[in-house]
């Protein structure tokens with residue numbers, strides 16, 4: 001049985017800044033700041049976060065994550081669903097997302113949410 005969760009709540013600025021810094025992203029990300037959310041357990045334990053943004057043309061599954069100690073418990077599906085629903089609520093029909101080709105868990109999460117793979121990008125290190 002999975003632990004019950006609250007609906008994602010609005011995050012504190014410090015936690016979101018830390019999440020963005022870990023991805024090398026900054027405050028210039030396009031999109032609504034009030035859509036940035038943190039998922040918590042009923043006891044307040046943080047499990048993950050979502051930061052929906054936009055590209056020049058589409059809504060985007062840009063930054064979201066599940067803290068390592070909470071992975072494997074279905075949180076990724078809830079967070080991805082929350083982000084997709086938020087984009088749909090904003091009237092966006094096309095939503096894009098990218099992940100590294102080697103990130104099998106993220107690819108599985110996208111596919112499980114009904115995403116269609118349109119291209120694969122592989123970045124070679126020098």
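The values are calculated or read from the model by the stated rules, or taken from the named source; none is laboratory data. Predicted model only: the values in this text are computed from it and were never measured. Every residue, glycine among them, receives a Cβ derived from its backbone with ideal geometry; neighbour counts consider all protein chains shown.
All conditions but one from (1) over 11 Å from the mean Cα position of the chain (by Cα); (2) surrounded by 14 or more Cβ atoms within 10 Å (Cβ to Cβ); (3) over 19 Å from residue 104 (Cβ atoms) apply to residue 62; the one that does not is (1). The listed residues are 100, 34, and the only one of them that is on the phi < 0 side of the Ramachandran plot, in contact with a helix residue (DSSP H, G or I) (Cβ under 9 Å, 6 or more places away or on another chain) and exposed (fewer than 15 other Cβ atoms within 10 Å of the Cβ) turns out to be 100. Considering 112, 48, the condition of being touching a residue at least 24 places away in the same chain (Cβ under 8 Å) and under 14 Å from the mean Cα position of the chain (by Cα) is satisfied by 48 alone. Which ones in region 95-114 are over 9 Å from residue 61 (Cβ atoms) and assigned to a helix (DSSP H, G or I)? Across region 95-114, the qualifying residues are 104, 105, 106, 107, 108, 109, 111, 112.
Across region 67-83, the qualifying residues are those that are under 9 Å from the mean Cα position of the chain (by Cα) and farther than 12 Å from residue 109 by Cα, and the one among them that is surrounded by the most Cβ atoms within 10 Å (Cβ to Cβ) is 83.
The residue that is surrounded by the most Cβ atoms within 10 Å (Cβ to Cβ), counting only those in region 42-53 that are touching a helix residue (DSSP H, G or I) at 6+ places or on another chain (Cβ under 6 Å) and closer than 15 Å to residue 75 by Cβ, is 50. Contact map, region 68-87: residues that are farther than 17 Å from residue 103 by Cβ paired with residues that are at pLDDT 90 or above and not in a loop (DSSP other than H, G, I, E, B), Cβ distance under 8 Å, separation 6+ or inter-chain. Pairs shown: 84/95; 87/59; 87/95.
Return yes when residue 39 is touching a strand residue (DSSP E or B) at 6+ places or on another chain (Cβ under 8 Å), in a helix (DSSP H, G or I), surrounded by 14 or more Cβ atoms within 10 Å (Cβ to Cβ) and touching a residue at least 40 places away in the same chain (Cβ under 8 Å) and no when it is not.
no
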